[in-house]
1. What number of residues within the range 40-75 are touching a Lys or Arg at 6+ places or on another chain (Cβ under 9 Å) and assigned to a loop (DSSP other than H, G, I, E, B)?
2. Among VAL173, VAL149, which is within 18 Å of the chain's Cα centre (by Cα) and closer than 23 Å to GLN104 by Cβ?
3. Of the conditions (1) over 24 Å from PRO98 (Cβ atoms); (2) in contact with a strand residue (DSSP E or B) (Cβ under 9 Å, 6 or more places away or on another chain); (3) buried (at least 17 other Cβ atoms within 10 Å of the Cβ), ILE122 clears all except one; give me its number.
4. Quick one: count up the residues across the range 167-225 that are surrounded by fewer than 24 Cβ atoms within 10 Å (Cβ to Cβ) and assigned to a loop (DSSP other than H, G, I, E, B).
5. Return yes when GLY145 is in contact with a Lys or Arg (Cβ under 8 Å, 6 or more places away or on another chain) and buried (at least 24 other Cβ atoms within 10 Å of the Cβ) and no when it is not.
6. Within the range 121-138, can one find any residue that is touching a Cys at 6+ places or on another chain (Cβ under 9 Å), part of a strand (DSSP E or B) and either modelled with pLDDT under 95 or more than 15 Å from ALA48 (Cβ to Cβ) (or both)?
7. Please state which of the following conditions ASP168 fails to meet, knowing it meets all the rest: (1) at pLDDT below 95; (2) within 16 Å of THR229 (Cβ to Cβ).
8. Scan the range 179-191 for residues that are within 24 Å of THR41 (Cβ to Cβ) and under 19 Å from the mean Cα position of the chain (by Cα) and jot them down.
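The values are calculated or read from the model by the stated rules, or taken from the named source; none is laboratory data. Note that the structure is a prediction, hence the values are computed from the model and not measured. As a convention, Cβ positions derive from the backbone with ideal geometry for all residues, glycine included, and neighbour counts pool all protein chains shown.
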Amino acid sequence: MRGTLRGARRLTAAVGLAVLLAGCAATEAGAPLPQPRPTATAQTAVGALFDGSAEDLGDHYCSASVVDSPAGDLLLTAAHCVASGDGTPAATGMAFVPGYHDGQEPYGVWTVRSAAVDPHFIADADPDYDVAFLTVDGPVQNVTGGFPVTFDPGAGDPVDAVGYPMEDDAPTVRSGVTEQYSPTQLELPAPGLEDGTSGGPWLRPDGAIVGLTGGYEQGGYTFDTSYSTYLDPGFESLRDEAVDPPEQPQVRADAS
């Protein structure tokens, strides 16, 4: 288990988070001209999920990454970071801090406003569906860049697995080559992905996400080997649901 949703208090949406304005420049006629989004890197577009609000972060307990989307507000993490798997809806309102290190918030604090989790995980924490797409309250991708997600990636890719151990104030990176553990799970023999790294991306050299820490045993029994739900093409529909999310109440989930 590499980090789970926990909450001794209600995770409420932060009010008054400053919106970072990016992507516009003036033309000679005075009309705004969109600027290219920055290229995502492990230092900018991977961040920590905190169990508090923008005003009072609390503790970081899981990891997430910014992924490419039209609105620029989409994150990828493990479903067990936002849902208990006991039939209750996924939680929202937690804070995401991209590039967090040593107490610093170089790219701002963003509040999670919606979470798309497959019903199979919502019902009984099925590890084959341990994937969640989140939206935040602004175009974070305009600031950090966003990673593409590769669906049906196969196995055998060299990757850097990035995540935030709960005991550390900086991300850790572990490298290895993905293996097919089962038709629905990838395996990564890369020791050192400790509690808190759940939800962190597995990045190929070309910057594409091919997995994320989670899945089997919420990431694995030991820190020697980690796992990921296999990102089959069905998860594209989950991403599309996140891009245009339904109304959902904020909830509090008990620690697990």
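1. Of the range 40-75, the ones touching a Lys or Arg at 6+ places or on another chain (Cβ under 9 Å) are 51-52, 58-59, 61-63, 67-69, 72-74.
Checking which are assigned to a loop (DSSP other than H, G, I, E, B) leaves us with 51-52, 58-59, 68-69, 72-73.
Total satisfying the criteria: 8.
2. Numbers: VAL149 fails: closer than 23 Å to GLN104 by Cβ.
Matching residue, one of VAL173, VAL149: VAL173.
3. Checking ILE122 against (1) over 24 Å from PRO98 (Cβ atoms); (2) in contact with a strand residue (DSSP E or B) (Cβ under 9 Å, 6 or more places away or on another chain); (3) buried (at least 17 other Cβ atoms within 10 Å of the Cβ), the one that fails is (2).
4. Residues that pass the stated criteria total 24.
5. Working: in contact with a Lys or Arg (Cβ under 8 Å, 6 or more places away or on another chain): yes; buried (at least 24 other Cβ atoms within 10 Å of the Cβ): no.
So GLY145 does not fit the description; no.
6. There is at least one residue in the range 121-138 that is touching a Cys at 6+ places or on another chain (Cβ under 9 Å), part of a strand (DSSP E or B) and either modelled with pLDDT under 95 or more than 15 Å from ALA48 (Cβ to Cβ) (or both).
7. (2)
8. Taking the range 179-191 and keeping what is within 24 Å of THR41 (Cβ to Cβ), we get 186, 188, 190-191.
Hits for the range 179-191 are LEU186, LEU188.
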